[in-house]
Structures are given as structure tokens and as C-alpha cells.
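The values are calculated or read from the model by the stated rules, or taken from the named source; none is laboratory data. As the structure is a prediction and not an experimental result, all values here were calculated from the model. For neighbour counting, all protein chains shown are included, and Cβ atoms are generated from backbone atoms with ideal geometry for every residue, glycine included.
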Amino acid sequence: MENLFDLFVRNVFIENMIFAYFLGMCSYLAVSKTLKTSVGLGIAVIFVITVTVPVNWLLEKYLLKAGALAWLGPAFANFDLSFLSFLLFIAVIAAIVQLIEMVIEKFSPSLYNALGIFLPLIAVNCAVLGAALFMQEREYGTIAEATVYGFGAGFGWALAIVVLAAIREKIRYSNIPAPLRGLGISFILTGLLAIAFMGFMGIKI
Amino acid sequence: MNVQSNSYTFVYSSIIVVVVATLLALAATALKPAQDRNVEIEKKQNILSSARITASRENVQKLYDQYITDSYTINSKGEKIEGIDPFEINLREELKKPQDQRNLPVFECTLDDSLLLVIPVYGKGLWGPIWGYVSLVRDKKTPSDSASFIPYKKIYGAIFDHKGETPGLGAEINQAFFQIPFRNKVIFDGSGRFHSIKVVKGGAGLSSLNEVDGISGGTITSKGVQAMLDTCLVSYQTYFKSSNK
Amino acid sequence: MASKNLKLLINPLNNENPITVQVLGICSALAVTVQVKPALIMALSVTVVTGFSNLIIASLRNTIPPRIRIIVQLVVIAALVIIVDQLLKAYVYDVSKKLSVFVGLIITNCILMGRLEAFAMANKPWESFLDGIGNGFGYGMILVVVSVLRELFGSGSLLGFQLIPQSFYEAGYKDNGMMILPPMALITVGIIIWIQRTKNRKLIEK
């Protein structure tokens, strides 16, 4: 249990998707102009990563890893399908995003109105595929770990975009040098935030 | 042809899937030998370099055949186990098992005048896995030695590497300035008890037999190295003491 | 080469740079810029994938069923990326280890989908190929500039060769450890954008 909590905190604060790995930067910079949409996109990302990471974990364990097909019988034990992992991961992510979109549309129109426009954006959000690939690389042992990792990674991403959006709303009327306005200052702000987040490095829980 | 129709869409996607899958399978099979060889070469280079032999990609095979004269698998009681290739052992999996069930790889390296045992080690740093190879040199037995003589207690060389430690801090464990001080340290105390090499914060005396300097700012990674040596080498202690080859 | 085609190659280097102007493909870009060598290999890989995915999709553009358009695009990109990844693992093993998951992340590099949707679906194969190569270069250029700055000031070397002489260190010069840490990549790109927009004022955001 402690271990899972540790994993969560690490992935929110220390190995933050944005500040440590720059994943999902495109939508991060494009959507962070207002606080309200950022919160919406943040929640959608948490949701999608928390669902896709464990699904991809199952896929990795029972289909892709070298020797993963052993459950089909000894004749299959020597297959190594790991070269297909990029393709299958992205397909799973695209399919799940589509599925989530349909389910939300059917059962909760109000939620769909709030999140709907973000969902198609998420299929190509690097943070989602990145989480799946990090899960594969770090070889999480149990599905619980994979799920907590996904939730932590998504939460960290959401936290980052909300923080940046809040700051961007505040500085909207500040006197920034013209060439730096918009994109430039967002990069520098993110850099400064990342330095602040580095303060969490090395904490032990 | 109507590109909107269901049957067209279906046939189209099937063709794409078949074509792509065939292409990828071909590419993966064709490149697999080269990839596997890279992994093998790197491992052999690491084994040699822990015995202070630098090998390039070209001559690694020759040097490996020349110096690594034997390799085998033992258990924690120091007995050899037949039928397991030490080169193929996945240390990460072995370390999950209880100590007395582990298969432990040993590589014997013969230099001009001495015999080395190269032992792989694997552990956890701050961000991810760290690993390395440690070589121990066989002590010459002198008549004054009593029954407590331990043939393999002195480190000859050590190398470490990491997956993603902090650049400039923990990542420095793969640098020579961190690795060289491990040479000539001793992993048994005077009464024959096993102990790890301590990685201490600043000021490990040169004369100290079991302490090396840690990396300032990379404390957690340094501690990881210490813990790694401890957990990996402890299973070999019976073998280090008893081996009277 | 016709001037129109030349434009396809050159525009993405400045006026339509994918990173600093179109805000595409930053995700996988910055983490690989600590040293020049991985950045170069990454830039090359992305250029190859953008060029060929544009070429393939543009050749198929009239046959692709509209309903599964996005999936077909993703499959083509993913297949190309897998091939690149396998090639890297086979021939430049040490760099492929450094790039780790970031090669896979080329798939979700927004430049790819962005160029496929915006250009390749509506243009002939050859033009699309040039557009892809141009965008790959525009992306690679920023990557290389950032990595040169970071490696030079962070480790005092370029492509692994020590550039800053030992006498400097003896005189008290120190490598800036901050440069190798992630935040400086962001700030460096911010400053590059600042410089570019100072020179090219029509890019300034209101």
C-alpha cells in the first residue's frame, strides 16, 4: 500500500509528465489559455490515462512480451511480438478514447458537453502514449501498480496544465515584450515551474 | 468504386493490416540478429571492462575468448548448477527469488598472473535500475594464513551503469572517478564476516578498506550502489570463502 | 527545382517552423536535447518518418475511406516508426538506448498528424514528400540548436568532443549543471522564440 502511494506521489511531483519529460506539450500549450478549459482537458487526460495504462499492461503481459504467449501452450512460448507494441498501444488508445466518447455521449450529455471536444485531441496526446511506453519500459509488476502509475501520471499532467493556465490568466494584462508574448513566455514559465518542481526531487516517502 | 461503402472500407482496412503486419514482421526478423548481437557485445564489453580490459566493438569477441576462460552458474551454497547458461541469466528475475533459490552467474577471467571472478550486480537507483559488474581477485595463500583464509575478498575492478539517473549527479556513477576508488577494497572484515562497500559522504580515507566517496548531490544513487553490492554479493559469500581452485 | 517546391522545403525552417510557430511536436523534442548526437539522430528519424508518411498518405489519398482516415494515418505512421526504431536498435545501439521511449513517441508527434491532415490529404505525392522533409528539417533545426547550446554550456563539449579547453577550467570556469536538467530546455526554446520573433515581427501574437 505504501509502495503504491509512493508511486503516485513520485509520478505527480517528481517524474511529472510535463516538467520532467515534456510529454503532451502540444495540447498543454494550446489549451492553457483559460483556466476552465484546462480543468476540462486535465480531467479528460486523467481519465484516459488511468484506463489505457492498465489495458496496455494486460496486452503487454499476455501478448507482446518475449515469452508472453506461453499461456497458449509451450509451442507459443518462443514468440516475441514486442516489435508490434507501438502499433497496438496506439490502436488501443484510439479505440478506448472513441469508446469513452460514445459512452459519455450516451449516458451523460452534460459531461459530454464539457469534455467531448477534448477527447479526440487526447488520442494523439503524447502523454497518453508516453505513459504506456514508460509502463512497458519500467516493467511494473502488478496491474495495481500500473493503474496507480497511470492515475499519477495523468494527475501530474492535469496539475501542470491547471497551474500554467492560472498563471497565464494572471499575466494576460502584464507588459511582456511583444516578441515574447504568447508562446515564448509560456515556454519560459513552464521552465521556471519545472525548476520549482525539481525541489521535490529525492524526497523519500 | 464507391469509397464510402462499408464493404470497401472493410476490404481496405484488411489489406492495410495484412500489408503492414507482413512488412513489420519481415523487418523485425531481418534485424533481430543484429540487435541481439549489440546486446551481447555490450554485455561482453562490460564484463571485460570490470576486469580493467578495454574492448572495442571489433575486438571484443577475441578478447572475451582470450580472457574469460570459464563461466558457470552456482547457488548460494557455492555449488555449481549444471545446465544453466550464466550468460543468459536475468539477474532482475533471480533477485526476486529467496536467496537460497537464486541461480548466480560467475565469469572467470584469467590474467597473466592472477585469477578473477566477475560478478554481475543489479539494483535500484533514484529513478530506475542501476547495474554493473564487479571483479574480485584471488588472493595468494601464504603459510601464515590460518583456516580463516578467504580467497576472494579484494575487489579488482568495478563498473556501473544506469538507466536514467539525474544527469550530472547520480548519473556520474558510470564515470571512472567514481568507479576507480572501488579497486582494492575488501568485502570481508578481519573475522571473516561479509560486508558491503560503504559509499560515504565526502572524505572516505584512501586507506579505508571498505569505504569509497559518494557523489555529492547524488546521495540516493550512491546509496543504491551500496545496497546493490550488498544484496548481490552476499549470496556469493560461501563461494568466495570456499573456492579453492 | 520549381520555386514553389523550394518554398515547401524552406518555409518550415522559419516562417512556418513546426516548433516555434505552429506549436507542433514539442512533446518528444526536448527530452532528447541534452547532447547533440541523440538530437541529430532524433531529427533524422523524424524527417524520414514525416517525409515517407506524407508520401504514402498522399499516394493513397484518393483511395482512403474517409471514415477510417485517422486510423489509416496512424497505422502508416506507427509502422514507419517501428521500422525506424528497429533500425536504430540494430545499427546505432548506444543512441537508441539514450532515446528510449522517445522514438516510440514520434507516433504521437503532432507534426506528423498535422502535416498529413493539413497537406498530404490534399496534395500530390512529390509535393507532400517535400513538405514532410521540410517540416522534419524545421523541427530538427530547433532540436540541434537547443542541443548544441545545452551540450556546450552543460558539458563543455560538442558531439562528445571536449571543446572548452582544460585551462579554462583551471582558471575557474565551470560547466553549467543547470543546462543538462530538463527546465533549461524549455527556457532555451522560449528564448529562441523570442529572438526569432524579434527578427520576424509578423509572427508576434496579439
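Worth a mention:
- Condition check for A:PHE86: in contact with an Asp or Glu (Cβ under 8 Å, 6 or more places away or on another chain) and either at negative phi or buried (at least 18 other Cβ atoms within 10 Å of the Cβ) (or both): yes
- Any hit, segment C:17-35, residues being modelled with pLDDT of 80 or more and surrounded by fewer than 17 Cβ atoms within 10 Å (Cβ to Cβ): no
- A:LYS65 vs. criteria among the charged types (D, E, K, R) and more than 22 Å from A:GLY152 (Cα to Cα): yes
- Selection of helices (runs of 4 or more DSSP H) fully inside segment A:41-136 by the criterion of at least 3 residues being touching a helix residue (DSSP H, G or I) at 6+ places or on another chain (Cβ under 9 Å) and either of a type in the set (Gly, Ala, Ser) or closer than 22 Å to A:TYR149 by Cα (or both) returns A:85-107, A:119-123.
- Selection status of C:THR63, touching a helix residue (DSSP H, G or I) at 6+ places or on another chain (Cβ under 8 Å), within 25 Å of C:THR188 (Cα to Cα) and either of a type in the set (S, T, N, Q) or within 11 Å of another protein chain (Cβ to nearest Cβ) (or both): no
- Hey, C:TYR173 surrounded by fewer than 16 Cβ atoms within 10 Å (Cβ to Cβ), in a helix (DSSP H, G or I) and either away from chain A (no Cβ under 13 Å) or at pLDDT 80 or above (or both) or not: no
- In segment B:213-227, residue surrounded by the fewest Cβ atoms within 10 Å (Cβ to Cβ) [restricted to those that are within 19 Å of the chain's Cα centre (by Cα) and hydrophobic (A, V, I, L, M, F, W, C)]: B:ALA227
- Boolean, A:LEU159 is under 19 Å from A:LEU41 (Cβ atoms), within 14 Å of another protein chain (Cβ to nearest Cβ) and touching a residue at least 40 places away in the same chain (Cβ under 8 Å): no
- Beta carbons closer than 6 Å, at least 6 apart along the sequence or on distinct chains, pair a first residue in segment B:104-128 that is among the β-branched types (Val, Ile, Thr) with a second that is surrounded by fewer than 21 Cβ atoms within 10 Å (Cβ to Cβ) for B:VAL106/B:TYR72; B:THR110/B:THR69.
- Segment B:115-130, residues that are hydrophobic (A, V, I, L, M, F, W, C) and within 14 Å of chain A (Cβ to nearest Cβ): B:LEU126, B:TRP127, B:ILE130
- Residue match in segment A:126-134 (condition: at pLDDT below 85 and surrounded by fewer than 19 Cβ atoms within 10 Å (Cβ to Cβ)): no
- Lone unmet requirement of (1) free of Cβ contacts under 8 Å to residues at least 60 places away in the same chain; (2) closer than 28 Å to A:TYR21 by Cα; (3) facing another protein chain (nearest Cβ under 8 Å) for C:LEU152: (3)
- Complete set of residues in segment A:75-103 that are more than 14 Å from chain B (Cβ to nearest Cβ), farther than 18 Å from A:GLN136 by Cα and at pLDDT 80 or above: A:ILE96, A:VAL97, A:GLN98, A:LEU99, A:ILE100, A:GLU101, A:MET102, A:VAL103
- Looking only at segment C:100-118, and only at residues there that are surrounded by fewer than 24 Cβ atoms within 10 Å (Cβ to Cβ) and within 13 Å of A:GLN136 (Cβ to Cβ), the one that is farthest from the other protein chains (Cβ to nearest Cβ): C:SER100
- Residue tally, condition over 17 Å from the mean Cα position of the chain (by Cα), surrounded by fewer than 16 Cβ atoms within 10 Å (Cβ to Cβ) and within 24 Å of B:ILE130 (Cβ to Cβ), over segment B:57-103: 5
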